[in-house]
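Enquirer: This is the structure, below, for whatever I ask next.
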Amino acid sequence: MIKSEQASISVTRIAIITIITIFALSFGVLAASTEVRNVKIVLSDNCEIEVLTTKTKVEDILEENKIVVLPEENVVPNLDSEITSNHSKIIITGKTQDAAVVAALAEESEGIYLDQLLGAYNTVVEKIIVEEEEIPYETITKDSTNSSSGTTSVIQEGKMGLKRTTYKVKYQNDIEIERTVIKEEIIKEAVNKIIQTSNVTTRKSTKGSRTANSTPVTTKSGNTLASKVSGKTPVKKTLNASAYTASTCGKSPSSPSYGITSSGARATAWYTVAAGKGYPIGTIIYIPYFSSQPNGGWFVVQDRGGAISNNKLDIYMNTYNECISFGRRNLECYIYEV
């Protein structure tokens, strides 16, 4: 009876030891499969944090640390990638951020390769674009002493020309980032409008009498700009006019230079225009189209513009809606260089 009890106790001990051994082995396997890794996370604002994690999937690591990836952000490696080595790095960037900058950060991290990094970005695409643009004609006024006083006749009608320009344009994420002129070709020359007039008046002075060409425009009384060019003969041209306002100049309202022109003065509606470099700052321009406006149609060149050539004019207005309503149109202009 005693031997039987001893045998039973031995079997029980063996069973317990076996269970303990299996448990220990299982715990060891579990510990091996849950290796703790050190991972550095670089956020889109260049803030860096280091975390300890047992997870391997990028998405799970970010979720574990309450980090949300915005729709406009990229993650390298991507969310489905596995982190298999210690001291790895996860980089979160904006989609338009320079991939070269991020590549420099990624070089420090193991397991992130350049091709994997660049795969998260839309590459820069170059396209050749050909655009045709009308060339405004000039209006030339000729005096004729043989005509009856006060008569005007059109000798030659003006015709718009046509210019073809070839550009090399670079896009990143479907946004134009650079435009370079490759070739310009005149398809059709503009034909100037020629007007013959006999607007001759006689002026008296203490030194005798003389004749001078009268200015072929009407102005409101007391107009300061008109008085500055009184007696001067303008150059008459037809310019392609558009409109702009402070919010369309690419500057933040909080910027000190918001609404400030190239001349250093603040842009003013019914006063400021942007013109090409062929018209010096301070040039006075009379536009009959605006003769009913508060300024009587008189403007001053105070600003420049990257897309403003000598055949174009950009008129400053108070609001964006006014600019859209005005659109783009060819206007007769009288230009006085002061």
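Enquirer: Which order, highest average first, do 259-267, 184-192 follow once you tally other Cβ atoms within 10 Å for each residue and take the mean per peptide?
Expert: So the order, starting with the most tightly packed, is 259-267, 184-192.
Enquirer: What FRET efficiency would be calculated for the residue pair ILE129, SER262, taking the C-beta separation as r and a Förster radius of 35 Å, to the nearest 0.05?
Expert: Details: r = 28 Å, r/R0 = 0.80.
Result of the calculation: an efficiency of 0.80.
Enquirer: Taking amide hydrogens as modeled 1.01 Å from N in the peptide plane, which residues meet the under 5 Å criterion relative to TYR137, leaving out close sequence neighbours?
Expert: Those qualifying (amide H under 5 Å, at least 5 residues apart or on another chain) are GLY161.
Enquirer: Dipole size in debye (nearest 20) for segment 33-81 around its Cα centre, Lys and Arg Cβ +1, Asp and Glu Cβ -1? Present the calculation step by step, with values, prior to reporting the outcome.
Expert: Numbers: 5 positive and 11 negative charges, 40 e Å.
About 200 debye.
Enquirer: Per residue of segment 232-241, what does 6.51 cos²θ - 1.76 cosθ + 1.60 with θ = phi - 60° give for ³J(HN,Hα)? Whole Hz please, x for Gly and Pro, Karplus curve as stated.
Expert: Per residue, the Karplus-derived 3J(HN,Hα) values read 8, 9, x, 9, 9, 9, 9, 10, 7, 9 Hz.
Enquirer: For a test of the definition: using alpha carbon positions, the gyration tensor, and the 1.5 limit on a/c, classify segment 215-317 as rounded, prolate or oblate.
Expert: prolate
Enquirer: When the solvent-accessible surface of protein heavy atoms is calculated with a 1.4 angstrom probe, in what order do SER247, SER88 fall, highest first?
Expert: Result of the area sort, largest leading: SER247, SER88.
Enquirer: Follow-up. Give LYS57/LYS170; LYS188/LYS237; LYS168/LYS188; LYS163/LYS251; LYS159/LYS277 a once-over and call out the pairs whose C-alpha atoms are over 27 Å from each other.
Expert: LYS57/LYS170; LYS163/LYS251
Enquirer: Per 0.36 nm of contour for each residue apart, how much would the distance between LYS170 and LYS142 grow if the chain were fully extended, relative to their Cα-Cα spacing? Please list the in-between numbers first.
Expert: Values: separation 28, 0.36 × 28 = 10.08 nm, distance 4.71 nm.
So the chain would gain 5.4 nm between LYS170 and LYS142.
Enquirer: Tally Lys/Arg at +1 and Asp/Glu at -1 over every other residue whose Cβ is under 13 Å from the Cβ of THR283; what's the total?
Expert: Net charge around THR283: +3.
The values are calculated or read from the model by the stated rules, or taken from the named source; none is laboratory data. This one's a predicted model, so the numbers in the text were calculated from it and none came from an experiment. Note: ideal-geometry Cβ built from the backbone for every residue, glycine included; neighbour counts use all protein chains shown. Only protein heavy atoms, including side chains, enter the accessible area calculation; ligands, DNA and RNA are left aside. Shrake-Rupley method; radii C 1.70, N 1.55, O 1.52, S 1.80 Å.
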